[in-house]
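S.K.: Let me give you the structure first, and then I'll get to my questions.
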Amino acid sequence: MMPIAPGEPAPDFTLPGAGGETVSLAGLRGHTIVLYFYPKDDTSGCTLEAQGFNAAQDAFAAADARVIGVSPDSVKSHDKFRAKYGLTFPLASDEAKSMLEAYGVWVEKSMYGRKYMGVERTTLLIDREGTIARIWPKVKVPGHVEEVLEAAKALA
């Protein structure tokens, strides 16, 4: 169960990002924010999702929406991932997993009967005032970027 819900304020965060930038919720206030959590840089699903958000950057910008990807990978890993795929939006690193936990996306997962902790692929749409407008839990990548874009346009 998510510790957050639509209509609630998004938990504040400040994290190191790729390219030496700092990514914070407060720094983006006044814009719609697409905050997407993904398990790992340079894996097939995560790469497809990142490429989808990257390809739609102009459309998100037209809706005054800023896209931010967050994973527990290091800044160095994010730098390589961004460079390899030409990603133009911020990737924030939460190696301590405090933000991932605050948003309820650091969860117990299971693969082949083995249990482990990991990121549940989730996207949030946060309005200009910092309130959660919508949550997409357990995201399936195909068609997801388009659905998020339509929701962002509706907030514009």
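The values are calculated or read from the model by the stated rules, or taken from the named source; none is laboratory data. Every value quoted in this text rests on a predicted model; they were computed, and no experiment measured them. Using ideal geometry, Cβ is built from the backbone for each residue, glycine included, and neighbour counts are taken over all protein chains shown. Surface accessibility is based on the protein's heavy atoms, side chains included, excluding ligands, DNA and RNA. Shrake-Rupley method; radii C 1.70, N 1.55, O 1.52, S 1.80 Å.
S.K.: Any chance the stretch 82-93 includes a residue that's over 13 Å from Tyr36 (Cβ atoms), at pLDDT below 95 and touching a Leu at 6+ places or on another chain (Cβ under 9 Å)?
M.R.: No: the stretch 82-93 contains no residue that is over 13 Å from Tyr36 (Cβ atoms), at pLDDT below 95 and touching a Leu at 6+ places or on another chain (Cβ under 9 Å).
S.K.: When only residues in the stretch 111-144 that are among the small types (Gly, Ala, Ser) and not in a strand (DSSP E or B) count, which is surrounded by the fewest Cβ atoms within 10 Å (Cβ to Cβ)?
M.R.: Restricting to residues being among the small types (Gly, Ala, Ser) and not in a strand (DSSP E or B), the top hit is Gly113.
S.K.: Applying the selection to the stretch 64-80, what residues are crowded, with 23+ Cβ neighbours inside 10 Å, of a type in the set (Gly, Ala, Ser) and without any contact (Cβ under 8 Å) to a residue 40 or more places away in the chain?
M.R.: Gly69
S.K.: Between Thr47, Thr14, which is within 14 Å of the chain's Cα centre (by Cα), of a type in the set (S, T, N, Q) and surrounded by 15 or more Cβ atoms within 10 Å (Cβ to Cβ)?
M.R.: Thr47
S.K.: Wholly within the stretch 1-80, which strands (runs of 3 or more DSSP E) include no fewer than the required count, namely at least 2 residues that are in contact with a helix residue (DSSP H, G or I) (Cβ under 8 Å, 6 or more places away or on another chain) and over 18 Å from Leu100 (Cβ atoms)?
M.R.: Output list reads 65-71.
S.K.: So, one more: Give the residue, chosen from Glu147, Glu101, Glu108, Glu95, that is within 19 Å of Asp58 (Cα to Cα) and either assigned to a strand (DSSP E or B) or without any contact (Cβ under 8 Å) to a residue 60 or more places away in the chain (or both).
M.R.: Glu147
S.K.: Going by the structure shown, is Tyr116 touching a Ser or Thr at 6+ places or on another chain (Cβ under 9 Å), more than 17 Å from Ala59 (Cα to Cα) and at pLDDT below 95? Before you say what the answer is, go through the steps one by one.
M.R.: On the way: touching a Ser or Thr at 6+ places or on another chain (Cβ under 9 Å): yes; more than 17 Å from Ala59 (Cα to Cα): yes; at pLDDT below 95: yes.
The answer is yes for Tyr116.
S.K.: For Ala156, are the conditions met, namely being out of contact with any strand residue (DSSP E or B) (no Cβ under 9 Å at 6 or more places or on another chain), open to solvent by 10 Å² or more (accessible area, probe 1.4 Å) and either of a type in the set (Phe, Trp, Tyr) or more than 18 Å from Asp41 (Cα to Cα) (or both)?
M.R.: no
S.K.: Only one residue in Ala55, Ala83 is in contact (Cβ under 8 Å) with a residue 40 or more places away in the chain and open to solvent by 60 Å² or more (accessible area, probe 1.4 Å), so which one is that?
M.R.: On the way: Ala83 fails: in contact (Cβ under 8 Å) with a residue 40 or more places away in the chain.
The conditions single out Ala55.
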